[in-house]
Amino acid sequence: GKAGGGKGVALVECANAFKRALLLLPQDAVLMSSYAGFLTEHRGDSSKGETLYRLALQTDAGDVGALVGLAEMLEVQGEQGKAETLFRRALQLDDDCVGALVGISRVVWRARREEDEAEELLLRALRLEGLNEGACALYAEVLGEGRT
């Protein structure tokens, strides 16, 4: 009913605000990567999201949000090696980037079962952001399957 309709209207208004902002600041990489994340997460438009992440990185190769966002998309598409490279680049730029720490952990654990590196990175992420849902869930997975 109304609650769902209100959310839909709010999402459309948010999308329109991003579009207006990009008209005013067409070279703003952070704005592009934020809009890419919005499109991917709230609108389910991974194609446009990926395009915007790539444009953001063309504008600013050091945009950590775009690096992590694009890496997450590549990981979902099965491009583990490319994803890991982008996650690691993001972590080089910001060694407190929880998204990069969790992303690398996910790749090294799920693709290569490198338990020690995954655990070390997850513990760093949890020290930075103790209630990070992705880090907590993955840590439980590593501990549950890895330790025998």
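The values are calculated or read from the model by the stated rules, or taken from the named source; none is laboratory data. Only a predicted model underlies this, so the values are computations on that prediction, with no experimental measurement involved. Using ideal geometry, Cβ is built from the backbone for each residue, glycine included, and neighbour counts are taken over all protein chains shown. The area values use the complete protein model at the heavy-atom level, side chains included, leaving out ligands, DNA and RNA. Shrake-Rupley method; radii C 1.70, N 1.55, O 1.52, S 1.80 Å.
Is it the case, given these coordinates, that A61 is among the aliphatic types (A, V, I, L, M) and open to solvent by less than 50 Å² (accessible area, probe 1.4 Å)? Considered against the rule, which asks whether it is among the aliphatic types (A, V, I, L, M) and open to solvent by less than 50 Å² (accessible area, probe 1.4 Å), A61 comes out as no. For the stretch 15-25, filtered to residues that are assigned to a helix (DSSP H, G or I) and either open to solvent by 50 Å² or more (accessible area, probe 1.4 Å) or assigned by the TED database to the domain that holds Q92 (or both), the residue that is nearest to C97 (Cα to Cα) is K19. The set of residues in the stretch 26-45 being surrounded by fewer than 16 Cβ atoms within 10 Å (Cβ to Cβ), within 15 Å of the chain's Cα centre (by Cα) and farther than 17 Å from Q58 by Cβ consists of E41, H42, G44.
Kindly indicate whether L57 is in a helix (DSSP H, G or I), outside the structural domain of Q92 (by the TED database) and either of a type in the set (S, T, N, Q) or at pLDDT below 90 (or both). I'd like the intermediate steps shown before the answer.
On the way: in a helix (DSSP H, G or I): yes; outside the structural domain of Q92 (by the TED database): yes; either of a type in the set (S, T, N, Q) or at pLDDT below 90 (or both): no.
So L57 fails the test.
Checked against the criteria, G103 counts as open to solvent by less than 20 Å² (accessible area, probe 1.4 Å), within 14 Å of the chain's Cα centre (by Cα), within 16 Å of G134 (Cα to Cα) and not hydrophobic (A, V, I, L, M, F, W, C). On the stretch given as the stretch 83-97, residues that are touching a Leu at 6+ places or on another chain (Cβ under 6 Å) and either open to solvent by less than 50 Å² (accessible area, probe 1.4 Å) or not assigned by the TED database to the domain that holds R124 (or both) total 4. Only a single item in (1) under 26 Å from G49 (Cα atoms); (2) open to solvent by less than 60 Å² (accessible area, probe 1.4 Å); (3) in contact with a Leu (Cβ under 7 Å, 6 or more places away or on another chain) is not met by G134, and it is number (3).
Considering the stretch 38-62 alone, what residues qualify as being among the small types (G, A, S), in contact (Cβ under 8 Å) with a residue 24 or more places away in the chain and over 19 Å from E79 (Cα atoms)?
Here is the first cut: in the stretch 38-62, the ones among the small types (G, A, S) are 44, 46-47, 49, 56, 61-62.
Pick out the ones that are also in contact (Cβ under 8 Å) with a residue 24 or more places away in the chain and you get 46, 49, 56, 62.
A56, G62, listed by residue number.
If only one of E141, E72, E119, E145 is open to solvent by 70 Å² or more (accessible area, probe 1.4 Å), touching a residue at least 24 places away in the same chain (Cβ under 8 Å) and either more than 20 Å from A29 (Cβ to Cβ) or not in a loop (DSSP other than H, G, I, E, B) (or both), which one is it?
Going through E141, E72, E119, E145 in turn, just one is open to solvent by 70 Å² or more (accessible area, probe 1.4 Å), touching a residue at least 24 places away in the same chain (Cβ under 8 Å) and either more than 20 Å from A29 (Cβ to Cβ) or not in a loop (DSSP other than H, G, I, E, B) (or both): E72.
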